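Reviewing the structure listed below.
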């Protein structure tokens with residue numbers, strides 16, 4: 001598997017390079033700061049690649065998709081913080097080439113999303129709060145993962161709406177809220193907890209990322225999954241449904 005790695009010199013790009021195993025090679029590297037062996041723009045890439053892994057920034061997604069469509073190369077979009085317009089652009093590109101998008105590349109986090117939705121459907125009268133924490137340099141808040149969890153819960157809780165800040169509010173908590181809270185500091189790789197508050201009891205589902213390699217392995221698993229896929233939109237639900245998680249948790 002020959003990989004075109006976008007954002008190759010960032011923390012996640014380096015983690016992907018380090019996580020490659022036999023049969024997985026970085027055929028070309030692209031980063032905002034070009035260097036020896038690193039292109040400054042994806043349009044300059046000449047090497048033949050089987051799949052793209054993009055860990056750059058949401059603002060660069062349009063160029064990644066243009067390259068993917070023009071060259072017929074499937075793309076794994078691992079960046080977060082996309083605007084509604086950018087998400088629509090991803091969906092549009094997926095009609096022409098295979099595109100994989102997930103708010104979190106950890107397989108276990110996506111299992112958490114499933115568990116949270118299942119719990120929400122069974123605990124219909126429980127209040128739900130999501131707490132996420134990340135390192136002080138993370139640019140987007142709330143995290144893409146927190147929004148992904150909330151979206152899964154909304155799929156089974158009709159009328160449920162995310163609430164990001166209760167400052168200045170003087171009313172009781174409405175039944176249909178999904179509280180989302182962001183914490184930033186230090187070097188925290190990432191932690192997400194979904195808490196279900198009932199009358200006299202509480203259920204918590206939590207995921208803690210202990211290193212960036214879990215996201216790198218998840219991205220490589222997704223990249224392998226995308227080889228040979230026809231045009232369309234794919235995500236972790238697709239991957240989990242097909243049972244293709246080998247190597248992502250090891």
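The values are calculated or read from the model by the stated rules, or taken from the named source; none is laboratory data. Here the structure is a predicted model, which means the values were calculated and not measured. Neighbour counts are summed over all protein chains in view; Cβ atoms, including those assigned to glycine, are modelled from backbone coordinates with ideal geometry.
Quick one: would you say residue 193 is surrounded by fewer than 20 Cβ atoms within 10 Å (Cβ to Cβ), in contact (Cβ under 8 Å) with a residue 24 or more places away in the chain and more than 28 Å from residue 52 (Cβ to Cβ)?
So residue 193 fits the description; yes.
Filter the range 192-245 down to residues that are part of a loop (DSSP other than H, G, I, E, B) and under 18 Å from the mean Cα position of the chain (by Cα) and give me whichever is farthest from residue 142 (Cα to Cα).
If we take residues in the range 192-245 being part of a loop (DSSP other than H, G, I, E, B) and under 18 Å from the mean Cα position of the chain (by Cα), then 244 is farthest from residue 142 (Cα to Cα).
Name the strands (runs of 3 or more DSSP E) wholly within the range 92-166 that hold at least 1 residues that are within 30 Å of residue 71 (Cα to Cα) and either touching a strand residue (DSSP E or B) at 6+ places or on another chain (Cβ under 8 Å) or at pLDDT 90 or above (or both)?
Strands (runs of 3 or more DSSP E) meeting the threshold: 98-101.
Looking at (1) in contact with a strand residue (DSSP E or B) (Cβ under 8 Å, 6 or more places away or on another chain); (2) crowded, with 16+ Cβ neighbours inside 10 Å; (3) not in a helix (DSSP H, G or I), find the lone condition where residue 81 falls short.
For residue 81, the failing item is (1).
Can you spot a residue in the range 34-52 that is surrounded by 19 or more Cβ atoms within 10 Å (Cβ to Cβ) and either closer than 30 Å to residue 192 by Cβ or within 17 Å of the chain's Cα centre (by Cα) (or both)?
yes
Look through the range 1-44, keep the residues that are part of a loop (DSSP other than H, G, I, E, B) and out of contact with any strand residue (DSSP E or B) (no Cβ under 9 Å at 6 or more places or on another chain), and return whichever of them is nearest to residue 137 (Cα to Cα).
So the residue we want is 10.
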